[in-house]
Every structure is written in structure tokens, then in C-alpha cells.
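Chemist: Structure in C-alpha cells, see below.
The values are calculated or read from the model by the stated rules, or taken from the named source; none is laboratory data. This is a predicted model, so every value here is computed, not measured. Quick reminder, even Gly has a Cβ in these numbers, built from the backbone with ideal geometry, and neighbours come from all protein chains shown. Keep in mind that these areas ignore ligands, DNA and RNA; they rest on the heavy atoms of the full protein, side chains included. Shrake-Rupley method; radii C 1.70, N 1.55, O 1.52, S 1.80 Å.
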Amino acid sequence: MPYRAALAPYVFFAADPPDLPVRQHDDPGGPEYLIKAALAGQTERGVMLIGTTVNGVTLNAGVSIAAPGVARVYIEGEPGRRVPLARDRSAVPVNVAVQVSGNCVELVTPELRVQITLDPFNIRFFHADGRLMLAQNSTDTDVTDRLITLPFGYSEVNGQCAAFHDSFTVEPDEHFYGFGEKFTDFDKRGQRIEMWHYDAFGAASERAYKNVPFFLSTRGYGLFVDSHSPVRFDMAASNHSVFSVIVPDTTLDYYVIAGPELKTVISRYADLVSYPILPPKWSFGLWMSSGFKDDSADAVLARAQELREHDIPTDVLHLDCYWQKYGRWSDMQWDTEMFPDPAGLIRQVHEAGFKVCLWMNPYIGVESPLLQEAINKGYVLRKPDGEAWIGQLWGGYHPPVGIIDLTNPAAVEWFQSLLRPHLEMGADVFKTDFGEGVPAEVVAWNGMTGVELHNLYTLIYNDIVADLTAELSSHHTGLVWGRCTYAGGQRHAAQWGGDPNCTFQGMASTLRGGLSMGACGHAFWSHDIGGFHRTPTPELYVRWAQFGLFSPLSRAHGMSSRLPWDYGDEAERIFRDTVRLRYRLLPYIYSYAAYAHETGLPLLRAMALEFPHDPCTYTLDLQYMFGAELLVAPIFNSEGRRTVYFPAGRWVDYWTHEIITGPQSRLIEAPLDVLPLYVQADSLIPTIEPVSHIADEPFAFVTFDAYLLDKAVFDLRDTDGSTCVEAVLRGGTLALQIEGAKSKVGLRLLALPGAGAVERVTVNGQTLNKMAALELNAAASAGWSRGADGVVTVVTV
């Protein structure tokens, strides 16, 4: 059960997790853990062990190298309905030397070394350079010599295994990141963390819509627990010397992933569970929602027209719950009174240059005739007595519901039959809301209990919708807009951050959740611009928009209108300018999306991820890197002031071009129309002229903004392939080297303080002609010019 603050009201969720036992003062029991082991067998990748516990119980265990840089440790348990989340990487070649010497077994690879001491039993993990990475801890006691850790083994209650567990020594300066979309402080040291999906009712607690049993350590490793049970992590909270993993499953199975760079750990984790899909290009434009309120076809068309008239670049119109009748949400049937011609509506919206997103969820309300059909056919989750489970999963906003049993193939086919007509009609993407509500006490068609299915359900649900969308949509990608996911959910991007309050505190917690998701390799994350619950002030709306438009994906949504003109002329102007800035940066954003697809690395990056050797970044969670070149520091208050930390190097203020030399912290003031935004010196930022909506074809003409003091490189990704641009500024010569798909690009060399004057420009060794003036567009001839402001413009062929 989650932590409950003393005296404070506690909102019970219909699908709260089961409690794990808490030992009482008169309980003489304790963990059953390995104290010694013998070698039982050997493979090319590792060893099998027969272990003996403190009370003489025999356990089968194993240690192996699952993939390059990835070690697997397991204890065999009872057969169960566990679904492995790690992909089989046995076909991936690994270079492993299994060395047995007396009491010690070592698995030696180029990336890491695993040392197993047989008696007393202990496993230690080392980096390739010999530095200790991680070590089991089975000996920590208090002054009475009582064990205060949960070593490698299990614990029983009433003769039954309650959970497997393992514990590891925590170094005094160690910090931890990840665990899914956790809204608590980004550094999880000192926290107790639970892997159980909730309707979190906001972003103000440890409850999370998205849980991932994976984390990173600043000591250069990651740990992934392969279980969809309600895993608990105690990250040096109960005992500041150790962290513990508690797994109420039929086996213990975890992976230690070596870096030493944190980015390397994320990529190796992605290779183990799933890389992100690459969403279609239009998905990186603005999504504008109807909001959680009444809607109609006329209102949709009015929004579309007004967005174009107000010159707000927008690519997606989202229709939330009210395209269906209240009380029958997720019937997937249009409310024909309010939407008399759905096909015609979608056609008109497409003709205006928008894509269409439709809201859905996997629950069916008691007022829907489909619920009785589903019950009669065995398509809903049931209680142990066979009766259909019906309960309140909407917090009172909707009548009680049943949950579609997506472990039943016939139910899946029926469910997809409800979705298929809308994709065939032209809908482009579904918002896959909810999915967190499988109660612990239900039984599924495949025999799983609710506890076994709860975390897994969201993967099944989103996979079903993503696969059908990939099959039938015009873009043929498995794009969804999901609220809930688990380990491996990168394969059905994207996800958004749930229902935060419209407060600066809700905005800050939302960012912390996004940083934690990014640390788990979930690259395509978003949130509700303005917040969800209630209505933001114009100031909060603007500040949240600045953050939201510098997020991987951008959607304005909430319980009331999020149309910018509803927040006043100033808010509309700033919103428009910030959207246009996002669209200007789309080549940069899409390039990092392509990198994410290939590597698992997020677009929205914690400072510690990008600067892992700077201890000053380890607890920063109110600023972030957007890609590797842009530092974003949103404002979280009405004062317009905050402290920004600049790591070592030179940083260019995006608005003033002032150069700031790090490392240093600086208190800055930002008027409402200014997002604190900084560019790493010696960066190339690819841009386009903003457009009303994004075309599927390659960007027509890309101009690189060069923040150049010496040398910079950027690998531009587009739907036509890769284009690598290198720029070097030395001795009055700007030398460009360009290779790849694009035959013609532009470059704008900004006049930065201290940069030398350019007298000559070369492209791939050929000198360009200097011209009196030069337009940066596809029709311009090759050449270069220098303006009165000192800015050098270049067009290359």
C-alpha cells in the first residue's frame, strides 16, 4: 500500500496494490538468503549455481552475460504466469571468458567484469577499467547485530514466499534516476518507490501513471528488474547504506547494465527491452485539444479556422471524450447529435491541414449496451466468483465501468472492431487514456490474477491500438498518445504526463516526471500545456507553454479551453511566437527524434545525463537539455526569476547572444515573453522558416544557425536521410564540410562576441564567391555575404 501522510485525506484507488507484510516486534522471522553456493554448470555466457541459504534451503541461481555490457542474475522460483519483458538477446554475439579459480568465479567481458565469491556468497560488478560498479550487501547490521538489509534470497510469511529480494551497497555520493514517470524529486536517493500503476489523480505524489523497474546510478550503471509484479525499491531510505529490490513474483530476475556513461546505459537498456518508434514528422507540431468539455462538429471546425486565422501553427486537432455520448465513453460511437457527419468532419479537418486524434479507453460504462454484450461473451475481467467486475475508475466523472479483458483473443478482435472504422474513416491517431485500473482481485481469461496483469495490461492495451494504427493509418506508424505504460513501452510511443493541477507546483512536478521518463529511455513524452485540473492564469499558461513547446511533443489540453486567445492578447502573442520558434527548430527536433529511435536517448535530458561528471548537475531537476545543444530553464513562479546553472564551457544566450562561461550559477530575470534558453557555444542548430503545418516530405531548405567560436558538427536527420555539416572558423576562414542527402543548405554565422571576422568561405574545399547580399532560401545561388550586423550568410551547393 502506498505511503499515507498522517491525518491527511487519502484517496483510495479501486486498483490499489496488495500490501506486503511488515514484520512486527515479536516476529522472530527473517530473510532466507544465500550464504554459499556451488558451481552446478557452465555455459559460454555464464554459470549455474546451487545455493544454500542461512537456514539450509537449496536454491538454484545463475549469473550470465545477456548482451554486451549487460549481466543477468536470477533465482529460479515456482513456475508462474510471468511474462519476460527483456528481449532474447542470445543471438547477439558476446565476448565472455568464464574463469573459475577455487572459491571465485569471474565472467570477464570487454565492457564489465562480474566476480562471484562462492563462500561466503557475494556478487560484485566492475567496470572495464577495474573500478567497482556495484556490490551485493548481505552483512549490514545495527549495533545489536540484527540484519538490516534484505540479501539475495526470499522471505516467507505463513510458509509462503512473499517476495524475492536483493540488496546492494550504496556509496555516500551516489544518486539514482529513473523508475518511470515519478513526480517526486528527480534524484531518487532516500525514496521508497513502488512499481504499480495508478490513476495518480495529478502529479503531486509518488503515485505514477507510468512505472518502469529500471534506474540509473551516477556510478555508471543501471539496474533493470524483469518483472511486472508490484516491485518495490528502497533507495537508501530505510537503511542509508544500501538499496533493496523487493520482488513479489515467482522468481527474481534482474539485469545490471554497465556504462560507464549514463547514455550508454540507456542505450543498452533500450536494446534489451525496446527502442522507441520514430513518430511521423507531423506529430512534432502542435496538438490542440478540445479540452475535457462539451464538443461538437461545428466547434471543431471553428477551432480549425480560428487557429489558421490567428496564425498559430498547428498540426493535430484532438477530440477528447465528448465526441462520444456521456456515460458511453469508449463505445467508440460518435454522438451523432453533435457530430452528424463524422466522415465529412474528418475530411474537412484534413483539407485544412490538420491530423485528427480521437480519445478512447479500455473501459465500458454501465450505461452502454456494449457492456452487457461484452459480459455475455466473456470479454471483461471477472471476480474470482465469475461475476463481471464493475467499479468506479473515473473518480466520479463517469458512471462505473467494466474493463475489457485484453488477454482474451476474441475480446481483442471485438475491441479492434470498435476502433477499425475510425481509422478507415481517416482518424490518424488515438489517445489511449487510462489502463491503470486492473484491480488486484480480478481474474483474467488467461488465468492471470489482477496483481499479475495490472502492470502488464497497459502494454497489451497500447500494443493492440498501436498495431492496428500502424496497419490502417496513412502514416503506418504505431503512434498512440498514451497515459500509462511500462518497461518496453517505448515501442508504442508517445506518452503524456497525466492530469496535473494548473499551478507552478504542478508544472514543476510534471518536468520531474518527464526527466525520470527520459532516464528510462522513453523519448517521446509530453504533458498538458497549462496543466489539466482547473484553468491556469494567463501567466501560468504562457510559462507552461514555453516549457511545453520545448518538450519532445507538444499538446495544449485541460478541463477548460487551452486556445491561446482565451487568455488575452499578450498570452496569445507570446504563445504564437513560441509555437513559431518550435516550428523553426523542427529540423533540430526531428534529428533528435531520429537519434532517439536509433539509440533510446531522450530529447528532454536531465543535466546529469548530459554532464555526468559534474556533481553540481546531480540533483538539478528544474532545468534540462533539449537535445545536446539547448539548455532550457523554464520559469516556475510569478516573479520571473530563477537560478540557472551553467556547466563548464561557453553558453550563448539565445535572445541576447551574451556569452556565459561555466561552471557557474546565475540568478536571471525573464520577462513573461522570454523563456530562458541557452545554446552551447560551437553548435550548429538546423532551422526552417515556420509553416502553418508540417508536410511529410523532407524539409525544403534548411538553414544552420552557427553559434561558432571554433568548430561545430551536426548530423541532420530527415525523411530523405542524413546530412552531416561541419563548420570550422579559423584565421578569417569559415570552412564548411557537407556530406549526405541534402545538396543545398544555408548557414547563418551569428556575430558572437570574440569571434573573428570572416574573410573567406569554403565548402568542401572550394571557395565561394562573396556577394553584396544573399537570401537564405532554396532559390538562392551559392555564395556568401556579410551583413551590417556582422552576421555571415552562406548558401552551399
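Chemist: Which residue is surrounded by the fewest Cβ atoms within 10 Å (Cβ to Cβ), if the candidates are limited to the range 311-340 and must be within 31 Å of the chain's Cα centre (by Cα) and among the hydroxyl-bearing types (Ser, Thr, Tyr)?
Modeler: Checking each candidate, the answer is 322.
Chemist: Out of curiosity, is residue 503 open to solvent by 10 Å² or more (accessible area, probe 1.4 Å), hydroxyl-bearing (Ser, Thr, Tyr) and at pLDDT 95 or above?
Modeler: Criteria met by residue 503.
Chemist: Hand me the list of helices (runs of 4 or more DSSP H) wholly inside the range 558-652 holding 3 or more residues that are open to solvent by less than 10 Å² (accessible area, probe 1.4 Å), free of Cβ contacts under 8 Å to residues at least 12 places away in the same chain and not small (Gly, Ala, Ser).
Modeler: none
Chemist: Could you tell me whether the range 727-740 includes any residue that is touching a helix residue (DSSP H, G or I) at 6+ places or on another chain (Cβ under 8 Å) and either surrounded by fewer than 18 Cβ atoms within 10 Å (Cβ to Cβ) or assigned to a loop (DSSP other than H, G, I, E, B) (or both)?
Modeler: No: the range 727-740 contains no residue that is touching a helix residue (DSSP H, G or I) at 6+ places or on another chain (Cβ under 8 Å) and either surrounded by fewer than 18 Cβ atoms within 10 Å (Cβ to Cβ) or assigned to a loop (DSSP other than H, G, I, E, B) (or both).
Chemist: While we're looking at this one, here's another question. Please go through the range 547-557 and give me each residue that is in contact with an Asp or Glu (Cβ under 9 Å, 6 or more places away or on another chain) and touching a residue at least 60 places away in the same chain (Cβ under 8 Å), ordered by number.
Modeler: 555, 556, 557
Chemist: Filter the range 160-183 for residues that are closer than 30 Å to residue 494 by Cβ and not in a strand (DSSP E or B) and give the result.
Modeler: Passing the criteria: 175, 181, 182, 183.
Chemist: Condition first: closer than 19 Å to residue 303 by Cβ and either surrounded by fewer than 24 Cβ atoms within 10 Å (Cβ to Cβ) or without any contact (Cβ under 8 Å) to a residue 24 or more places away in the chain (or both). Can you find one or more residues in the range 528-537 that meet it?
Modeler: Among the residues of the range 528-537, at least one is closer than 19 Å to residue 303 by Cβ and either surrounded by fewer than 24 Cβ atoms within 10 Å (Cβ to Cβ) or without any contact (Cβ under 8 Å) to a residue 24 or more places away in the chain (or both), which makes the answer yes.
To keep it simple, each residue is scored yes or no on (1) open to solvent by 40 Å² or more (accessible area, probe 1.4 Å); (2) modelled with pLDDT under 95; (3) over 41 Å from the mean Cα position of the chain (by Cα).
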| position | (1), (2), (3) |
| --- | --- |
| 742 | no, no, no |
| 765 | yes, no, yes |
| 775 | yes, yes, no |
| 789 | yes, yes, yes |
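Chemist: When the residues of the range 427-457 are narrowed to those that are farther than 24 Å from residue 291 by Cβ and β-branched (Val, Ile, Thr), which ends up surrounded by the most Cβ atoms within 10 Å (Cβ to Cβ)?
Modeler: Per the stated criteria, the residue is 438.
Chemist: Tally the residues that are part of a strand (DSSP E or B) and either surrounded by fewer than 16 Cβ atoms within 10 Å (Cβ to Cβ) or free of Cβ contacts under 8 Å to residues at least 24 places away in the same chain (or both), restricting the search to the range 4-43.
Modeler: Residues that pass the stated criteria total 5.
Chemist: Take the residues in the range 357-385 that are open to solvent by 10 Å² or more (accessible area, probe 1.4 Å), of a type outside the set (A, V, I, L, M, F, W, C) and part of a loop (DSSP other than H, G, I, E, B), then tell me which one is farthest from residue 465 (Cα to Cα).
Modeler: The extreme case among them is 385.
Chemist: For residues in the range 160-210 being polar (S, T, N, Q) and either open to solvent by 10 Å² or more (accessible area, probe 1.4 Å) or under 28 Å from residue 614 (Cβ atoms) (or both), which is farthest from the chain's Cα centre (by Cα)?
Modeler: 160
Chemist: So which pairs qualify, if the first residue must be in the range 142-170 and closer than 14 Å to residue 32 by Cβ, the second must be small (Gly, Ala, Ser) and at pLDDT below 90, the Cβ gap must be under 9 Å, and the two must be at least 6 apart or on different chains?
Modeler: 147/30; 154/77; 155/29; 155/30; 156/29; 157/29; 161/77; 164/77
Chemist: Does residue 424 meet the test of being surrounded by fewer than 20 Cβ atoms within 10 Å (Cβ to Cβ), out of contact with any Cys (no Cβ under 6 Å at 6 or more places or on another chain) and closer than 21 Å to residue 316 by Cβ?
Modeler: yes
Chemist: Select from the range 465-502 the residues that are in a loop (DSSP other than H, G, I, E, B) and among the charged types (D, E, K, R) and list them in ascending order.
Modeler: Listed by number, the residues that qualify are 483, 499.
Chemist: For residues that are under 35 Å from the mean Cα position of the chain (by Cα) and of a type in the set (D, E, K, R), scanning just the range 1-42, find the one that is nearest to residue 200 (Cα to Cα).
Modeler: It comes out as 16.
Chemist: With respect to residue 747, is the statement that it is outside any strand (DSSP E or B) and open to solvent by less than 30 Å² (accessible area, probe 1.4 Å) true?
Modeler: Criteria not met by residue 747.
Chemist: Mind checking which pairs have a first residue in the range 676-700 that is under 30 Å from residue 351 (Cα atoms) and polar (S, T, N, Q) and a second that is in a loop (DSSP other than H, G, I, E, B) and open to solvent by less than 20 Å² (accessible area, probe 1.4 Å), Cβ under 8 Å, 6 or more apart or different chains?
Modeler: From residues that are under 30 Å from residue 351 (Cα atoms) and polar (S, T, N, Q), the pairs are 687/585; 687/702; 692/313; 692/314; 692/353.
Chemist: Look at the range 256-280 and say how many of its residues are open to solvent by 10 Å² or more (accessible area, probe 1.4 Å) and under 20 Å from residue 697 (Cα atoms).
Modeler: 3
Chemist: Can you name every residue in the range 130-159 that is open to solvent by 40 Å² or more (accessible area, probe 1.4 Å), in a strand (DSSP E or B), touching a Gly at 6+ places or on another chain (Cβ under 9 Å) and not aliphatic (A, V, I, L, M)?
Modeler: 156
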